[in-house]
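Asker: I have a structure I would like to understand better, so I am pasting it below and will then ask my questions one at a time.
The values are calculated or read from the model by the stated rules, or taken from the named source; none is laboratory data. Keep in mind that what you see is a predicted model, and the values were worked out from it rather than measured. Reconstructed Cβ throughout: ideal geometry from the backbone, glycine too, with neighbour counts over all protein chains shown. Each accessible area value is taken on the protein alone, full model and side chains, heavy atoms only, with ligands, DNA and RNA left out. Shrake-Rupley method; radii C 1.70, N 1.55, O 1.52, S 1.80 Å.
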Amino acid sequence: MTMTLIRAAEPNDPNCSSHVRKAMPGDPLEQPTSTRPLSQLSFADGAFAGGLGARLSERARTGIDRTPGFVVGTPAYAALCDAGDLSRRLAAALADVCIEEPERLMAAAAVARSLIACEPTPSWIDAEIHQAYHALTPSAAEGARVTVSASFVEHELSDLEPGNDDVACDVQGTGAVIQAVRHCWSALYDPRRVYERAKLGLPQLGLDVAVVVQLQAER
């Protein structure tokens, strides 16, 4: 049987997006704005908000859906990758993804997800999420209950059905929201997405993902 090995792009691969490099002091990309309200975005902002975020933003902008919410944009995940050596560790975890060995692929995906979920977010991103979250319901001391959803920028995988790990409901409190955001970032490496990229010959690194945080209706 012929093995198909798909190697993840290295951090210095020119095919990777620019966020896998380290931000230099004074670089304008060092601390980009990481959050924006849904109402201030539109369908044209898919590069920042991802597919789901762009669609919900258009609904908010046109008044179709007035549910308050905000987007943790793609620069936030980029900053997470740049803050430490996360890109290098992800490259090592996904170096030899083999689509003919499902158990091996799933193990690599699990390691990648764990790396992202456990990686501390830069403090300035935490601060922006805290501010945006509490702005949803300023009168709620403990913060509102929200739904936190991954919003992908991968056009080639746009037909892939959402997975259970792409969304977290009944999230309350800044710490829980930040944890849910990291969980949604890690959904980049859902085994289904890893497999589809490998099958299509797409890189496993240099990816962009946003997260939508939207007020949840009280039941």
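Asker: What accessible area, in Å² to the nearest ten, does a 1.4 Å probe give for ARG61?
Answerer: About 130 Å², ignoring ligands and nucleic acids.
Asker: What percentage of the solvent-accessible surface of region 51-188, computed with a 1.4 Å probe over protein heavy atoms, is contributed by carbon and sulfur atoms? If you can, show how the numbers build up before the last one.
Answerer: Working: 3280 of 6220 Å².
That share works out to 53 percent.
Asker: Next question, about the same structure. Can you give the accessible area of THR62, probe radius 1.4 Å, in Å² rounded to 10?
Answerer: Around 70 Å² of this residue is reachable by solvent.
Asker: Farthest toward the dipole's positive end in region 127-176, which of THR147, ALA168, HIS130, given Cβ charges of +1 (Lys, Arg) and -1 (Asp, Glu) about the Cα centre?
Answerer: HIS130
Asker: Taking amide H atoms as placed 1.01 Å from N in the peptide plane, list the residues 5 or more away in sequence, or in a different chain, whose amide H sits under 5 Å from that of VAL97.
Answerer: HN-HN under 5 Å from VAL97: ILE6, ALA8.
Asker: Using a 10 Å cut-off on Cβ atoms, rank the peptides 92-102, 207-217, 160-170, 41-51 from the highest mean neighbour count down.
Answerer: On the way: 92-102: 16.5, 207-217: 22.9, 160-170: 13.6, 41-51: 19.4.
Ranking the peptides 92-102, 207-217, 160-170, 41-51 by packing returns 207-217, 41-51, 92-102, 160-170.
Asker: So, counting K/R as plus one and D/E as minus one, what does the shell of residues with Cβ under 13 Å around GLU161 add up to?
Answerer: On the way: positive: ARG192, ARG193; negative: ASP159, ASP165, ASP166, ASP190, GLU196.
Net charge around GLU161: -3.
Asker: Another one. If you count only protein heavy atoms and use a 1.4 Å probe, how large is the accessible surface of ASP159, to the nearest 10 Å²?
Answerer: Accessible area of ASP159: about 140 Å².
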